[in-house]
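The values are calculated or read from the model by the stated rules, or taken from the named source; none is laboratory data. Keep in mind the model is a prediction, meaning the values are calculated, not measured. Counting neighbours? That spans all protein chains shown, and the Cβs are built from the backbone with ideal geometry, glycine included. For accessibility, only protein heavy atoms count, side chains too; no ligands or nucleic acids. Shrake-Rupley method; radii C 1.70, N 1.55, O 1.52, S 1.80 Å.
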Amino acid sequence: MENYKVYPVFDINIVKAKGAYVWDDNNTRYLDMYGGHAVISIGHSHPMYVARLTQQVGEIGFYSNSIKIPIQDRLAEELGTLSGLSDYQLFLCNSGAEANENALKLASFQTGRKKILAFKNGFHGRTSLAVAATDNPKIQAPVNPTDHIDLIALNDIDAAQSALATEEYAAVLIEGIQGIGGIHEPSIQFLRKLKEICHETGTMLILDEIQSGYGRTGKFFAFQYAEIKPDLITVAKGMGNGFPIGGVLISPRFEATYGQLGTTFGGNHLACAAGLAVLEVLKEENLMQNALEIGEYLKSNLAQLSAIKETRGKGLLLGLEFEGSVKEIRSRLISDYKIFTGAATSPNVLRLLPPLGIGKKEADTFVNALREIVD
């Protein structure tokens, strides 16, 4: 049997990783400025992370949610404290797409409505309802599209007002910062007005913070720059630093009922140990502040490169837009300079999503390499 080949891959076999660096089977070192799709938050093979997982797997790695799992309560408590959302509840699952599926179901249960309002260039996952709300027909099978989903332009408050005034929508689903779409931000004014309209029309506001959350922008969640409180927040990626875990943060207006949601693997002991390690390191090493400072350092240095049309984003969630395709730039960064970066739906955008603990040394290495390539 062979693997089902759905990914274009670089001819590199990574066998070891530490901090912001990875090594291939020839012992060649690469700087990781992509973090495996923003998954590596606290750094590869962090000692605290390794210790917690090692201890936990030696005790118990998994049992079903039919029994008490106190480590789930500890994770929920720590997440509430660090994010500033202690009054929310936590439903644990396995991935970002699954988190969005469950958030959308909760919104529909709560409102009794079917329709969902989402945004052009958005990405919410590849499962059935999440991919239907994703603006990319290429990854939608014929079974996925539905007339329950409407897409409008980001920051178009008039279109949002007009749609939600019908009171037909269960939820608005929006990314804290659009990631795969090219690092586009909803404005603070737009988010505040959107929250107000949702409240007036009985619509649930869902913030997809799967890529933009967990300290990556300098705040725990990107929406916190707008000082709003969504009804539902979805998380994954950096939540487990590589271990599969996702979740939905659920505001106090929701009341759980038995059987409403469910999961086999979600919230298992090992996943929760990974989640606790991430929160502990984020706090102890002040990684949110570091993400903000190094992000600003990167932006100030990148501003000196005239080839870059625009640099977007916050903290260590950055998109660099060029006039033409970045395919050759990405390839040269890997082959000639041993640096991993990311692409976007737009062929002109280079994405940076490194571990949150990188320093000026790593930032300088990247900027100098990029300067040599574009010059």
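Data overview
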quantity	calculated
Test result for ASN155, more than 24 Å from ILE228 (Cβ to Cβ) and touching a helix residue (DSSP H, G or I) at 6+ places or on another chain (Cβ under 8 Å)	no
Of all residues in the range 1-25 being closer than 26 Å to GLY359 by Cβ and assigned to a loop (DSSP other than H, G, I, E, B), the one that is farthest from the chain's Cα centre (by Cα)	ILE12
Yes/no for PHE109 being crowded, with 21+ Cβ neighbours inside 10 Å and under 29 Å from THR146 (Cα atoms)	no
Matching residues, the range 112-147, being farther than 14 Å from THR203 by Cβ and touching a strand residue (DSSP E or B) at 6+ places or on another chain (Cβ under 7 Å)	PHE119, LYS120, ASN121, GLY122, HIS124, ALA132, ALA133, ASP135
Extreme residue, least open to solvent (accessible area, probe 1.4 Å), among residues of the range 65-96 that are touching a helix residue (DSSP H, G or I) at 6+ places or on another chain (Cβ under 7 Å) and over 16 Å from ALA271 (Cβ atoms)	TYR88
Selection from the range 43-58 of residues that are out of contact with any strand residue (DSSP E or B) (no Cβ under 7 Å at 6 or more places or on another chain) and either surrounded by 11 or more Cβ atoms within 10 Å (Cβ to Cβ) or free of Cβ contacts under 8 Å to residues at least 40 places away in the same chain (or both)	HIS46, PRO47, MET48, TYR49, VAL50, ALA51, ARG52, LEU53, THR54, GLN56, VAL57, GLY58
Residue in the range 116-123 that is touching a helix residue (DSSP H, G or I) at 6+ places or on another chain (Cβ under 7 Å) and either among the polar types (S, T, N, Q) or open to solvent by 40 Å² or more (accessible area, probe 1.4 Å) (or both) present	no
Residue in the range 305-321 that is β-branched (Val, Ile, Thr), part of a helix (DSSP H, G or I) and either in contact (Cβ under 8 Å) with a residue 60 or more places away in the chain or touching a helix residue (DSSP H, G or I) at 6+ places or on another chain (Cβ under 7 Å) (or both) present	no
Counted residues, the range 162-184 - those being surrounded by fewer than 24 Cβ atoms within 10 Å (Cβ to Cβ), in contact (Cβ under 8 Å) with a residue 60 or more places away in the chain and of a type outside the set (Gly, Ala, Ser)	2
